[in-house]
């Protein structure tokens, strides 16, 4: 996966959503309110290439939420690493997308 230093710091994620990709797996981290009266959380999604977050159907994305803290950010990174390892063959297959389609 990405070197841990390549992930955006918590201060960035509090203000901006951030997306990236690694060898067939795309991901997004963003602050989100689950319920109107609740504290915001760090919502993380991952999905297969080649499409953007907006162009990928919801049923093709996997989500998980974490506390909007530094510990939560580190947990989110660990979760992305676990998702990558658990589905490595799917991510590798997604890299073989035929862009001429």
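Tabulated values for the structure
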item: Enumeration of residues in region 85-101 that are out of contact with any strand residue (DSSP E or B) (no Cβ under 7 Å at 6 or more places or on another chain) and either in contact (Cβ under 8 Å) with a residue 24 or more places away in the chain or part of a helix (DSSP H, G or I) (or both); result: 85, 86, 87, 88, 89, 92, 93, 95, 97, 99
item: Given (1) part of a helix (DSSP H, G or I); (2) free of Cβ contacts under 8 Å to residues at least 60 places away in the same chain; (3) surrounded by fewer than 18 Cβ atoms within 10 Å (Cβ to Cβ), index of the condition residue 53 fails; result: (1)
item: Criterion (over 16 Å from the mean Cα position of the chain (by Cα) and either without any contact (Cβ under 8 Å) to a residue 60 or more places away in the chain or surrounded by 14 or more Cβ atoms within 10 Å (Cβ to Cβ) (or both)) met by exactly one of 82, 65, 75, 11; result: 11
item: Tally, over region 18-49, of residues that are part of a loop (DSSP other than H, G, I, E, B) and out of contact with any helix residue (DSSP H, G or I) (no Cβ under 7 Å at 6 or more places or on another chain); result: 8
item: Filter pass, residue 8 being outside any strand (DSSP E or B), within 26 Å of residue 88 (Cα to Cα) and modelled with pLDDT of 95 or more; result: yes
item: Scan of region 23-41 for residues that are farther than 13 Å from residue 76 by Cβ, surrounded by fewer than 16 Cβ atoms within 10 Å (Cβ to Cβ) and touching a residue at least 12 places away in the same chain (Cβ under 8 Å), ordered by number; result: 23, 34, 39, 40
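The values are calculated or read from the model by the stated rules, or taken from the named source; none is laboratory data. Quantities reported herein were computed from a predicted structural model and do not represent experimental measurements. Methodologically, a virtual Cβ is constructed for each residue, glycine included, from the backbone with ideal geometry; neighbour enumeration extends over all protein chains shown.
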